[in-house]
1. What's the local net charge at Phe82, with K and R +1, D and E -1, over the other residues with C-beta under 12 Å away?
2. Please quote Rg/Rh for region 1-103 to two decimal places, taking the Kirkwood radius as Rh and restricting both calculations to Cα atoms.
3. Return the calculated 222 nm mean residue ellipticity for the chain, to the nearest 500 deg cm²/dmol, obtained by summing -39500 (n - 2.57) across DSSP H runs with n ≥ 4 and dividing by the residue count.
4. Step through the residues of region 118-129 one at a time and calculate ³J(HN,Hα) from phi using the Karplus curve (6.51 cos²θ - 1.76 cosθ + 1.60, θ = phi - 60°), rounding each to whole Hz and writing x for Gly and Pro.
5. Rank these residues by their accessible area, most exposed first, probe 1.4 Å: Glu150, Glu93, Glu45.
6. Which percent of the accessible area of the chain is formed by carbon and sulfur heavy atoms (probe 1.4 angstrom)?
7. Assuming 0.36 nm per residue, please report the length gained on full extension of the stretch Arg137 to Val122 beyond their Cα-Cα distance.
8. When the chain is fully extended, how far beyond the present Cα-Cα distance does Asp149 get from Leu80, taking 0.36 nm per residue of separation?
Amino acid sequence: MEIKSPCVVALTWTLMDTLGETLDVLDEPVEFLVGGADLLPKIEEALQGHAAGAKLDLHLEPEDAFGDFNDQLIFLEPRLLFPAEVEEGLTIEGTALPQGCNPDAPRNVLYTIAQLYPDHVVLDGNHPLAGIALRLRVQVASVREATVDEVGRGTCGTGFFKIEVGEESSSDGHTLH
């Protein structure tokens with residue numbers, strides 16, 4: 001079957017930066033909905049017309065991948081607002097930011113605790129791969145018709161290429177991820 005929207009593709013890949021450093025490897029095929037929200041538009045575009053067994057080497061500029069680095073998504077927050085057990089590298093949903101954090105910090109963003117200091121915490125709302133051009137070596141393991149349910153949901157449930165967090169509204173939760 002030829003890849004065309006909507007359909008489901010099972011992919012494996014190696015994701016690298018432009019220097020060839022491996023950032024992610026997916027050895028076991030994972031299903032993605034073509035024509036939904038599972039894949040970046042440039043990847044979907046490149047897959048069109050291919051079939052199972054196809055191998056593609058893609059180059060994605062930041063604007064085609066995870067966007068440019070946005071320094072407006074860096075926030076310095078008082079350390080005392082966060083639980084004592086918080087560590088660098090942990091992520092927290094914008095909807096779960098502690099009361100007292102900057103009200104201008106978007107709530108529909110996933111923040112990484114980039115740095116911890118005695119008096120403050122540095123929150124970074126950029127995707128970890130923002131600002132980086134990427135090379136993606138993709139292999140199509142299989143292609144099948146999408147089910148009505150998958151098309152209706154707009155996804156196979158695989159969100160590797162999208163980080164979506166709640167709505168813009170605030171939540172009273174303080175859960176760390």
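The values are calculated or read from the model by the stated rules, or taken from the named source; none is laboratory data. Treat the numbers as computed from the prediction; the structure is a model and nothing was measured. FYI the Cβ positions are ideal-geometry reconstructions off the backbone, even for glycines, and counts take in every protein chain you see. For accessibility, only protein heavy atoms count, side chains too; no ligands or nucleic acids. Shrake-Rupley method; radii C 1.70, N 1.55, O 1.52, S 1.80 Å.
1. Details: positive: Arg79; negative: Glu77, Glu85, Glu87, Glu88, Asp119.
With Lys, Arg at +1 and Asp, Glu at -1, the neighbours total -4.
2. Details: Rg = 18.9 Å, Rh = 17.2 Å.
Rg/Rh: 1.10.
3. On the way: 2 runs with 13 residues, N = 177.
After summing the helix terms and dividing by residue count, I get -2000 deg cm²/dmol.
4. In residue order, the calculated couplings are x, 10, 8, 10, 9, 9, 10, x, 7, 4, x, 9 Hz.
5. Details: Glu150 20, Glu93 60, Glu45 120 Å².
In descending accessible area the options line up as Glu45, Glu93, Glu150.
6. Working: 4760 of 9610 Å².
Here carbon and sulfur together make up 50 percent of the probe-accessible area.
7. Details: separation 15, 0.36 × 15 = 5.40 nm, distance 3.37 nm.
Length gained, Arg137 through Val122: 2.0 nm.
8. On the way: separation 69, 0.36 × 69 = 24.84 nm, distance 4.54 nm.
Taking 0.36 nm per residue and subtracting the Cα distance, the gain is 20.3 nm.
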